[in-house]
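> Have a look at this one before I ask anything.
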Amino acid sequence: MSSKWQESLTMGGGGVLCHRDLQLPNILFNGSEIKLIDFEYAGFSCIEWEFGNLVAELELTQAQIEHIIHYYNKNNCNKNNSNKNSLQTLTFQSVIEGSLMANYIWALWGWIYNRIDLGRDYLFRFQNNLTLLQNLAKNKSLGV
């Protein structure tokens, strides 16, 4: 996954500016506007990381993830088809791969900051994502 993302970053015109810590306390909504706060982890990265981290932090369902993917692809990728550096199309698998990486990194963060409870929680989520990816690969190989 890491080498695939690195290739995407170098061959696809670079990453996108990502918040990289989208969790509910960092998303403010007043009924009409959304504001993001806490940009200490912000930087250029793969879009899979950003969406993967978002769905990992919010523990979204498959239906919610697919809704976000549909909205993103409809509103970003299709407009850029003539541009060779256009944003890539997201898939359910690529977002789950992003979640897998996000959960792994946040597990390490938890252990570094002596938050073993958080580290274990993220590692449990990591295992769930890994199982989901294995099932996706198995179903793909079976033609399901």
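Nothing in this text is a laboratory measurement; each read-out follows from the coordinates by a stated rule. Remember, it's a predicted structure, so these values are computed and weren't measured experimentally. Cβ placement follows ideal geometry from the backbone for every residue including glycine, while neighbour counts extend to all protein chains displayed.
> Can you list which of the GluC sites (Glu not before Pro) found in the range 40-72 are DSSP loop residues with at most 11 other C-beta atoms within 10 Å?
On the way: sites: Glu40, Glu48, Glu50, Glu57, Glu59, Glu66; in loops: Glu40, Glu59.
Sites meeting the loop and neighbour criteria: Glu40, Glu59.
> Also, I was wondering about something else. Starting from the Cα gyration tensor of the range 86-144, multiply each eigenvalue by 5, take the square root, and state the resulting semi-axes largest first in whole Å. Don't skip to the end; give the middle numbers.
On the way: eigenvalues 146, 45, 6 Å².
For the range 86-144, the semi-axes come out at 27, 15, 5 Å.
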